[in-house]
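Data first, discussion second: the structure below is written as structure tokens.
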Amino acid sequence: MKRGLYHFCRLLLAGVFLYAGYLKGSDPVAFAGQVAAYQVLPYAFNYLVAATLPFVELLCGVLLLINQRVRPALVVLFGLNTVFMIALMSLLLRGLDIDCGCFHPAGEEGTGTSPQMALLRDLGLMVAILVTWVLREKLTREPADG
């Protein structure tokens, strides 16, 4: 049971971050505009985030997919998710209602996610990250079946 839940959460996270990283990386200029809409970074940093974040997400997704360096990948994703959740809460506190810019190709209309829904989704991702971490720890301490 533990092993199955571990693999499910690990593969779910891998799929989510591979997909998100691919979409963001496919049009970094449009993604920089989405980052700028949060109004939390200086102008130049929007492009730095847009140029690097997709590749970090892709790397973490690949590591989770191949079940290698899982803990470091989870630490990075936990940190990224925490920062993103803080940015989403900032949007809500400032009354800004923008598309989160996470899971749709740039410029595609009508597929946006509200900050509230993005925050709920990210809470779910945080649960999956924590479950994967805890089960990874337990599975590495248990002797193999058989």
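The values are calculated or read from the model by the stated rules, or taken from the named source; none is laboratory data. Computed from a predicted structure; not experimentally measured. Reconstructed Cβ throughout: ideal geometry from the backbone, glycine too, with neighbour counts over all protein chains shown.
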Quick test of your reading of the structure: residue 122 fulfils all but one of (1) in a helix (DSSP H, G or I); (2) of a type in the set (Asp, Glu); (3) modelled with pLDDT under 90. Name the failing condition by number. (3)
Which pairs turn up if I take residues in segment 77-104 that are modelled with pLDDT of 95 or more and look for partners that are in a helix (DSSP H, G or I) and of a type in the set (A, V, I, L, M) with beta carbon separation below 6 Å, at least 6 apart in sequence or on another chain? 77/129; 78/129; 81/125; 81/126
Selection status of residue 36, without any contact (Cβ under 8 Å) to a residue 24 or more places away in the chain, surrounded by 13 or more Cβ atoms within 10 Å (Cβ to Cβ), among the small types (Gly, Ala, Ser) and within 26 Å of residue 116 (Cβ to Cβ): yes
Can you find a residue that is hydroxyl-bearing (Ser, Thr, Tyr) and under 22 Å from residue 117 (Cα atoms) anywhere in segment 4-19? yes
What do you reckon, is residue 41 at negative phi and in contact (Cβ under 8 Å) with a residue 24 or more places away in the chain? no
